[in-house]
């Protein structure tokens, strides 16, 4: 499936470049390479680019990949330590305190 998406995206990019050339310079690259807009090969390329555009519409609805920085921060996992010394070990002190109470 990933290969199909990459091929579709490549064809959409080719189509976008072709439309940019048409808009800026009135030059149809596909027609120039394949011998005119009405030749069978040019029409095939235009059709494949159009189908690829439809396939790429699915990219709009794909969930974005979550990265580590996009994850919400769990307040219990924050490290409040300082750079100058060791962190205070609350668990060890609690154990020592409990032992002293016995």
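Quick note: the coordinates plus some simple rules give every number you see, no bench work behind them. Computed from a prediction, not measured in an experiment: that's the story for all the values here. Virtual Cβ from ideal backbone geometry, glycine too; neighbours counted across all protein chains shown.
Stretch residue 3-residue 61 to full length: gain in nm at 0.36 nm per residue minus the Cα-Cα span?
Difference between extended and current length: 19.1 nm.
Counting only Cα, what are the radius of gyration and maximum Cα-Cα distance Dmax of segment 2-62, in Å?
When restricted to the Cα atoms of segment 2-62, Rg and Dmax are 12.4, 38 Å.
Show me the ranking of peptides 12-19, 94-101 by mean Cβ neighbours inside 10 Å, starting with the highest.
Order by mean packing, descending: 12-19, 94-101.
What length, rounded to one decimal in nm, is gained on full extension from residue 38 through to residue 99, with 0.36 nm per residue of separation minus their alpha-carbon distance? Intermediate values should be presented prior to the final figure.
Working: separation 61, 0.36 × 61 = 21.96 nm, distance 9.07 nm.
Going from the current span to full extension adds 12.9 nm.
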